[in-house]
1. Please go through segment 25-61 and give me each residue that is aliphatic (A, V, I, L, M) and either more than 15 Å from Ile80 (Cβ to Cβ) or out of contact with any Leu (no Cβ under 8 Å at 6 or more places or on another chain) (or both), ordered by number.
2. Using the structure shown, decide if Glu87 is out of contact with any Phe, Trp or Tyr (no Cβ under 6 Å at 6 or more places or on another chain) and either loosely packed, with under 14 Cβ neighbours inside 10 Å or part of a helix (DSSP H, G or I) (or both).
3. More than 10 Å from the chain's Cα centre (by Cα), modelled with pLDDT of 95 or more, among the acidic types (Asp, Glu) and loosely packed, with under 14 Cβ neighbours inside 10 Å: is that true of Asp48 in this structure?
4. Considering (1) at pLDDT 95 or above; (2) farther than 17 Å from Pro71 by Cα, say which one Leu22 fails and leave the rest.
5. What about Asp94, is it out of contact with any Leu (no Cβ under 7 Å at 6 or more places or on another chain), loosely packed, with under 15 Cβ neighbours inside 10 Å and either among the small types (Gly, Ala, Ser) or at pLDDT below 95 (or both)?
6. Quick one: would you say Ile21 is surrounded by 13 or more Cβ atoms within 10 Å (Cβ to Cβ), more than 19 Å from Asp94 (Cα to Cα) and hydrophobic (A, V, I, L, M, F, W, C)?
7. Does segment 12-54 hold any residues that are free of Cβ contacts under 8 Å to residues at least 12 places away in the same chain and assigned to a helix (DSSP H, G or I), and which are they?
Amino acid sequence: MVSRNNSHKVEIKYCVRCRFILRASWIAQELLMTFPDELSAVCLLPGDGGIFEVHLDGKQLFSRKVAGRFPETSEIKQMIRDRIAPEKDLGHSDN
């Protein structure tokens, strides 16, 4: 049995009216596949007003409004890795 230290939670807030759910769910899937032992949950939180934000343990990692763009999946993976598993190799996402 694999020992898991999955005490971290990611929340992705997305705009329903803008139909950002596909992008949010894609990022959620990628995070769950990349950090299966480190994350306890990846939650999709519907919102409005063009919101697209990624939070880790209640702290904002990325905001579409602040950045003026959507995040790259590899960018989000790197931000999360740097905070919860700095020794983890992300393979091609590190390039």
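The values are calculated or read from the model by the stated rules, or taken from the named source; none is laboratory data. A quick note: this is a predicted structure, and the numbers were derived from the prediction, not measured. Don't worry about glycine lacking a Cβ; one is built from the backbone with ideal geometry, like all the others, and counts go over all protein chains shown.
1. Ile27, Met33, Ala41, Leu44, Leu45, Ile51, Leu56, Leu61
2. It is true that Glu87 is out of contact with any Phe, Trp or Tyr (no Cβ under 6 Å at 6 or more places or on another chain) and either loosely packed, with under 14 Cβ neighbours inside 10 Å or part of a helix (DSSP H, G or I) (or both).
3. The answer is yes for Asp48.
4. Condition not satisfied by Leu22: (2).
5. In short, yes.
6. yes
7. Listed by number, the residues that qualify are Leu22, Gln29, Leu32, Met33.
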